[in-house]
Amino acid sequence: MKKYALNDITLLQYIMINFGMAVSFGFIELPAMMATEAGTDGWIPILIGGFVTMFASLVVIRLMQRFPEGTFFDMLAHYLGKWAGKTAALAFALYFLLYAYDGLIYTIRLIKGRLLPETPAFLIALMLMLPTYTIARNGLRIVGRYAEFAVMISLWIPFVYLYTLENLHPLYLLPVFKEGWKPILSAVPGTFFYYLGFVSSVILYPFLKHKKHASAGLVIANGITVLSYLFITLVCYMFLSPDEAKLIHQPSIYVLKSIELSFIEQVEGLFIAFYAFIFSLSWIPPLYFTVFCTSWMMGKQEHRPHLRVIVILFAVSTYFYLPTYDELENISQLLGVSGIAVEYLFPGIMLVFLWIYVRLRKGRNWT
Amino acid sequence: MSVTGILRRALIVIPFTLLISGCYDRLDMEEASFSLVLGLDRDEQGNLIVYSSIPTFNQHAKKKTHEIVVSSISPREGRLKSDAYSVGSFQPRKLQVLVVSKALLLHKKEWDRYLDVFFRDGRNPVTSRVLVYDGKLNELFDYHPPDKPILPLQLLGMLESTDSRAETVVTTLQQLQRELLDKGQTPALPQFALDQELKLNRTALLDRDGRYAASLTSKEAMLLRLLQKNADKFRFTIPVPKHLVEEPGAANVLSFSADQTKTKIKVSRKGDKFRYDIYVHMPVNLTEILFPIDVVVEKAELEAACSAEIRKQLEALISKFQQKRLDPVGFGVYARAREYGYFKQVQDRWVDEFAKAEFNVKVNVVLADIGAIE
Amino acid sequence: MRITSWFGRKKYAHTSKPKPYVASPIAASEPISDQLEHNLLHLGQLFTDTPDLNIRHIPLRDTGELAALVYIEGLTDKNAINNNVINPLLHRADGSSLSSITVGRITKLRDWAPITSAILKGSSILFIDGQPDAFMLGTEGWPQRAIEDPQMETSLKGAHQGFVESIEQNIALIRRYLPHRELKIRNHQVGRRGDSRVGVMYLADVAHPEVLREMEERIDRIDIDVIINTGELVELIEDNPFSPFPQFMLTERPDTAASQVAQGRIVVLVDRSPSVIVGPSTFTSFFQSVDDYSTRWSIATFIRLLRFFAFFVAISLPAFYIAITSYHFELIPVKLLLTIGEYRGSVPFSPFIEAVFMEITLEMMREAGVRLPAPVGQTVGIVGGIVIGQAIVQAGLISNIMVIVVAFTAIASFILPNYDLVAGVRLIRFLMMIAASLFGLFGIVVSLMVLTGHLIALESLGTPFGSPFAPLRLSEWKDTFVRAPLWKMTKRPHSTRAVQSTRQGDNQPEGDGK
């Protein structure tokens, strides 16, 4: 019955996939986003959003525990029939595709804006597709190892921010609750977008080597995400004066610009280039999940043909059309809304539904 | 050939052929003409003149930089052109120093809009030092003494050495932007002049709108840094009261260096008046005494005298700020952190509020070391 | 066709048929006759144009029967044949003549196939008239090199014995380190004509049986004329021959091989080749040298870190130079920028051309140095150092900085202890330079991503090549970036998939620290 045993992933890989998917561009965007909504109190909604997300991710795990040996689609196929599974697979494939696209376009925009303004976008996309294909073609295990490795070699990032220490003004953070609870609470839903990705457990769960640690794993992944967000927002809010924080795009990068070392200046160029490792986690795992869904739908084991099609499509599409900054915002908004539906609401509904469904079925069989 | 076969091949071949066509952003260092110093000035008609000093990479050239001046000719044309000649048309990717003339700061409305290019183009630096030049910028950009390094290095070196003595502030573009945007603070910039040699001995203070408002001497700048808490090593030379000097006619002056200076600023509010309690703790090492005194015996008196003198200077400085409606220390930041509700009401006219505020300064000088002789 | 799968990996199916043994067409598997004359006649037909085949007729003293001793001169030990075979047969009369032969190994053979192959491998065959069996006498002995210091992997403190060209001696060299019952060797024959003996050596109670089976299957699947050197065998059994990285370690040091066997790895010895294959290996094992374990651990750790640093320098320094000087010069602090600019200003080429030119020059010099005999080789150094290094800068063709970069890169690549790894690094360096010249830092990062993706997907004998980094096993970092004190390494590396994981007990010296 252990259909997915050959490709199992360790707990750490599971954590890193989830962490990487969530954190990627949130690290760059979140501080400015929260500053406009909640001012220098913007770190509080992040904390609250994090707790909500932890709860939501535990729901996903609870759902998956009903059918530990298969993916969510296997579960649906088992309970509700083949077509229910296929529909869900299609929906998730589309969702992850959107997720990957959003991440990719964001990365291209950032690299184009900050590093290579004159290089055509499709060349950047093409370059990014090279590692994507090399990694995703080898299956989940390699994706997991990559996630682990990418996070590991990005561990220098928090240490670079230590160099901004002399320019930090803790007074900017005071007083806490400047405007009371209202702006803080209203900013909470905005954070959900930056926590998306944990629903990947509906696919990852059966691959996990030690399933009993799955909940702990997700909580840890979420915990690291919250910590890194807290870290960067606090650094940014102490660096920028309160009114400035709302004006600066991508403050995480702006802050780095203040660093001058004896052998290197304008560190942010290096940062953006090497942050591509983390960025890549916002599209490599989702792309893999997409092709996993589609090949599950077609009932095929081999995911590479689908992957090739999508990789080529991504590269080619950027030749004809690259969303502008506003359009990217719209895509993100769409992803945010569908993310809340797919990740926060859907698993809970499914859990309740399956519980009732199984009760009813049992009841009927019994009588 | 199967479809997947074609796909596989396409996946390898297409990227490589396309990638070869790259090199869009390449700009070899020696071919780029990037300015290391930019100067902003205004002519009599009020048009913007942009000076720029660009290094030339040629081993045979005697002069290692060349200077470019862009200005407008007639007032009429100037009005049209002054906007066309924006700062951004120069390559500021490696800008080290931005020199702004005092005249521009005094008369040009909203000159800080010229800074936009540094923040909007993500590749531009924001750590360039901003300096105020007292005089016509053409003098500065024509100044090539044979025994000195090129202008940017000269300026940086001068700034660094002055900064190490805390005799002026160091303001990068990024900090300037922050100070301009922070409602509880006004900016301060180092100010220098060309008087046979380059001399950096003043600190310019800008008002809320970024216009030139006043300047500080080196001594005052030191006290400003002390209040800003961003330096802790100072060298003071101060007069002491006459009664401590037993020998008539001797200069009543002593010098000391202070390190590990600690400044505490507390804010409170009574009605619509802010009250600041400033406490400075300053362990000092005596470096020079120009009058005979038994330091060991009269230690307490000496400490009290020094404390009183520093306190007097600090109070004078603060009242100067209040008079001129300037807050380079950022007292407003403290007010915002502690008295947010009230500060929010008055934040748009903070400097007026600041002018009303009450200050209570306490200085505690402690003789830590009297030196190697009695 | 396979070009498209550059980074592909050939999947080895586990259900493979063992290779059918095909003997040479003439020597059909037929029995010999009991008539000496027939046999000699047949032998003459089998070995035409073989002037070094020697047939010695001997009348046996005890029975008076005629016998013939057949061997190939040069492959046999003359002393053994004269003193231990011919002499007793001719002169000693006590007992049967066979028992008077004083060589260690006598085997009865009946078929022509093994007889011919035995002759060709240096045994001598005794045919006796009237007997349906021939006797194979172990009289092998051929020109051999003495055991010397290994050429490629010199060491300061390690043993000064390197493998030689005979598998028996090589096995003996390893066995001297591990005189243990569980050290097993399985023989395989590879090559239809060459018929090399390939020995798979392992510790039976430590090595993982699946890994062993995988290795043996791969060796058995080879159907080839002849294998001259171990490197050829490696290419035939590698997981991904398209990778620039070696997936098996080749070593010519018996001590290294023995320590790898003790860790649970498998060593493959190939007859006639002075290096052995160690597998499964990991990326980090290419950074280890036998000296690491005999120098103090803190120093060994420092050297390890130096090697990893050198690896990145060797891969990416020229690329960084290109990226920074032609894309991101704002990253250089201004004083350095002015210095570099001054040198670059008089150079007519772009940094990329400059770098490629110098790197190719370097590679040519290195290659020239390898092939030339030692006395001439020194000239290369002079030409390279003085003529190219100095003159090219004075002529203003290449900037000083570039020469420094190239020299630094070269030194960095010399630090790496494994030749095969360095070869891969050299190749990757050029790819990185191209990427950097097209996209600057972004190009470098993307190539690093591709490289990572490739490395973590790579396997050696089905075990992850990137271990213990990907998959991450922090507890095994003791022998990677750092070299922990020996008593800390109580477990065998997971990447060997050893069955017995405990390697040693608590050996920490007693003292204040404990």
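The values are calculated or read from the model by the stated rules, or taken from the named source; none is laboratory data. All figures in this text were calculated on a predicted structure; none of them were measured in a lab. All Cβ positions, even for glycine, are placed from backbone atoms using ideal geometry, and neighbour counts span all protein chains on display. The protein model used for the area step is the full one, side chains on, heavy atoms only, and it has no ligands, DNA or RNA in it. Shrake-Rupley method; radii C 1.70, N 1.55, O 1.52, S 1.80 Å.
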- Query: Of all residues in the stretch C:246-301, how many are in a helix (DSSP H, G or I) and in contact with a Gly (Cβ under 7 Å, 6 or more places away or on another chain)?
  - Reply: 4
- Query: For the stretch C:425-447, how many residues meet the condition of being over 34 Å from the mean Cα position of the chain (by Cα) and open to solvent by 10 Å² or more (accessible area, probe 1.4 Å)?
  - Reply: 1
- Message: Which count do you get for residues in the stretch C:48-73 that are basic (K, R) and modelled with pLDDT under 85?
- Response: 1
- Meets criteria (touching a residue at least 24 places away in the same chain (Cβ under 8 Å), within 14 Å of chain B (Cβ to nearest Cβ) and open to solvent by 50 Å² or more (accessible area, probe 1.4 Å)) for C:Y343: yes
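Here are C:I386, C:I392, C:I444, C:I411: which of them is within 14 Å of chain B (Cβ to nearest Cβ) and among the β-branched types (V, I, T)? Working first, answer last.
Numbers: C:I386 fails: within 14 Å of chain B (Cβ to nearest Cβ); C:I392 fails: within 14 Å of chain B (Cβ to nearest Cβ); C:I411 fails: within 14 Å of chain B (Cβ to nearest Cβ).
Checking each option against the conditions leaves just C:I444.
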- Task: Please find, among A:T164, A:T134, the residue that is surrounded by fewer than 24 Cβ atoms within 10 Å (Cβ to Cβ), farther than 17 Å from A:T318 by Cβ, facing chain C (nearest Cβ under 9 Å) and hydroxyl-bearing (S, T, Y).
- Result: A:T134
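Can we say A:P206 is assigned to a helix (DSSP H, G or I), open to solvent by 30 Å² or more (accessible area, probe 1.4 Å) and touching a residue at least 12 places away in the same chain (Cβ under 8 Å)? Please lay out each step first, then the result.
Numbers: assigned to a helix (DSSP H, G or I): yes; open to solvent by 30 Å² or more (accessible area, probe 1.4 Å): no; touching a residue at least 12 places away in the same chain (Cβ under 8 Å): yes.
No, not satisfied.
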- Task: Starting from the stretch B:132-147, keep only residues that are more than 22 Å from B:L189 (Cα to Cα), then list their pairs with residues that are modelled with pLDDT of 85 or more and open to solvent by 80 Å² or more (accessible area, probe 1.4 Å) whose Cβ atoms are within a distance under 9 Å, requiring at least 6 positions of separation or different chains.
- Result: B:P145/B:E197
- Got a sec? Which helices (runs of 4 or more DSSP H) wholly within the stretch A:247-355 have at least 2 residues that are within 11 Å of another protein chain (Cβ to nearest Cβ) and open to solvent by less than 40 Å² (accessible area, probe 1.4 Å)? A:251-256, A:268-280, A:304-320
- Note on the structure: Residue pairs qualifying under the 8 Å Cβ cut-off, at least six apart or on distinct chains, with the first in the stretch A:110-121 being more than 7 Å from every other protein chain (Cβ to nearest Cβ) and the second being buried (at least 19 other Cβ atoms within 10 Å of the Cβ) and of a type in the set (S, T, Y), are A:K112/A:T119; A:A121/A:T318
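In the set C:D292, C:D255, which member is under 30 Å from C:P209 (Cβ atoms), charged (D, E, K, R) and open to solvent by less than 10 Å² (accessible area, probe 1.4 Å)?
On the way: C:D255 fails: open to solvent by less than 10 Å² (accessible area, probe 1.4 Å).
After ruling out the rest, the residue left standing is C:D292.
What residue, among those in the stretch C:403-420 that are under 11 Å from C:M358 (Cβ atoms) and either of a type in the set (V, I, T) or out of contact with any helix residue (DSSP H, G or I) (no Cβ under 7 Å at 6 or more places or on another chain) (or both), is most open to solvent (accessible area, probe 1.4 Å)? Steps first, answer last, please.
Step one: list which residues in the stretch C:403-420 are under 11 Å from C:M358 (Cβ atoms), which gives C:403-407, C:409-410.
Among the residues that remain, those that are also either of a type in the set (V, I, T) or out of contact with any helix residue (DSSP H, G or I) (no Cβ under 7 Å at 6 or more places or on another chain) (or both) are: C:403-407, C:409.
Values: C:V403: 34, C:I404: 107, C:V405: 15, C:V406: 9, C:A407: 48, C:T409: 0 Å².
Across the stretch C:403-420, the extreme among qualifying residues is C:I404.
Considering only the stretch A:179-203, state which residues are over 28 Å from A:L97 (Cβ atoms) and surrounded by 15 or more Cβ atoms within 10 Å (Cβ to Cβ). Outline the logic, then answer.
Within the stretch A:179-203, the subset over 28 Å from A:L97 (Cβ atoms) is A:179-187.
Hits for the stretch A:179-203 are A:P183, A:I184, A:A187.
Of the residues C:S475, C:S495, which is more than 14 Å from chain B (Cβ to nearest Cβ), at pLDDT below 85, buried (at least 23 other Cβ atoms within 10 Å of the Cβ) and not in a loop (DSSP other than H, G, I, E, B)? Break it down stepwise before answering.
Working: C:S475 fails: buried (at least 23 other Cβ atoms within 10 Å of the Cβ).
On inspection, the qualifying residue turns out to be C:S495.
Output yes when any residue across the stretch A:259-268 is farther than 17 Å from A:I124 by Cβ, at pLDDT below 90 and of a type in the set (F, W, Y), and no when none is.
yes
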- Can you tell which of B:N285, B:N252, B:N201 is modelled with pLDDT under 85 and not β-branched (V, I, T)? B:N252
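Do we find that C:L212 is under 17 Å from the mean Cα position of the chain (by Cα), part of a helix (DSSP H, G or I) and not acidic (D, E) in this structure? I'd like the intermediate steps shown before the answer.
Values: under 17 Å from the mean Cα position of the chain (by Cα): no; part of a helix (DSSP H, G or I): yes; not acidic (D, E): yes.
Taking the combined requirement at face value, the residue does not satisfy it.
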- Task: Can you work out which of the residues in the stretch C:448-471 that are within 10 Å of another protein chain (Cβ to nearest Cβ) and of a type in the set (V, I, T) is surrounded by the fewest Cβ atoms within 10 Å (Cβ to Cβ)?
- Result: C:V450
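Could you please give the count of residues in the stretch B:185-197 that are in contact with a Pro (Cβ under 9 Å, 6 or more places away or on another chain) and either open to solvent by less than 10 Å² (accessible area, probe 1.4 Å) or within 24 Å of B:Y51 (Cβ to Cβ) (or both)? Let's see the steps before the verdict.
First, pick out the residues of the stretch B:185-197 that are in contact with a Pro (Cβ under 9 Å, 6 or more places away or on another chain): B:185-188, B:197.
The next check asks that each one be either open to solvent by less than 10 Å² (accessible area, probe 1.4 Å) or within 24 Å of B:Y51 (Cβ to Cβ) (or both); those that pass are B:186-188, B:197.
Of the residues in the stretch B:185-197, 4 are in contact with a Pro (Cβ under 9 Å, 6 or more places away or on another chain) and either open to solvent by less than 10 Å² (accessible area, probe 1.4 Å) or within 24 Å of B:Y51 (Cβ to Cβ) (or both).
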- With the first residue restricted to the stretch C:116-128 and required to be assigned by TED's automatic domain parsing to the domain that holds C:L43, and the second required to be open to solvent by 20 Å² or more (accessible area, probe 1.4 Å) and in a helix (DSSP H, G or I), Cβ contacts under 7 Å at 6 or more apart or on different chains are C:T116/C:L46
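Using the structure shown, decide if B:L317 is buried (at least 20 other Cβ atoms within 10 Å of the Cβ), aliphatic (A, V, I, L, M) and in a helix (DSSP H, G or I). Spell out how you get there, then give the answer.
Values: buried (at least 20 other Cβ atoms within 10 Å of the Cβ): yes; aliphatic (A, V, I, L, M): yes; in a helix (DSSP H, G or I): yes.
Taking the combined requirement at face value, the residue satisfies it.
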- Got a sec? Which of B:L151, B:L115 is out of contact with any helix residue (DSSP H, G or I) (no Cβ under 7 Å at 6 or more places or on another chain) and touching a residue at least 12 places away in the same chain (Cβ under 8 Å)? B:L151
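Does B:L176 count as buried (at least 24 other Cβ atoms within 10 Å of the Cβ), on the phi < 0 side of the Ramachandran plot, part of a helix (DSSP H, G or I) and not acidic (D, E)?
Working: buried (at least 24 other Cβ atoms within 10 Å of the Cβ): yes; on the phi < 0 side of the Ramachandran plot: yes; part of a helix (DSSP H, G or I): yes; not acidic (D, E): yes.
Taking the combined requirement at face value, the residue satisfies it.
Please state which one of B:V50, B:V126, B:V100 is modelled with pLDDT of 85 or more, closer than 25 Å to B:I150 by Cα, open to solvent by less than 30 Å² (accessible area, probe 1.4 Å) and not in a loop (DSSP other than H, G, I, E, B). Give the derivation first.
Values: B:V50 fails: modelled with pLDDT of 85 or more; B:V126 fails: not in a loop (DSSP other than H, G, I, E, B).
That would be B:V100, the only listed residue that is modelled with pLDDT of 85 or more, closer than 25 Å to B:I150 by Cα, open to solvent by less than 30 Å² (accessible area, probe 1.4 Å) and not in a loop (DSSP other than H, G, I, E, B).
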- Residue pairs qualifying under the 8 Å Cβ cut-off, at least six apart or on distinct chains, with the first in the stretch C:385-402 being within 15 Å of C:P351 (Cβ to Cβ) and open to solvent by 40 Å² or more (accessible area, probe 1.4 Å) and the second being in a helix (DSSP H, G or I) and of a type in the set (F, W, Y), are C:N400/C:Y343
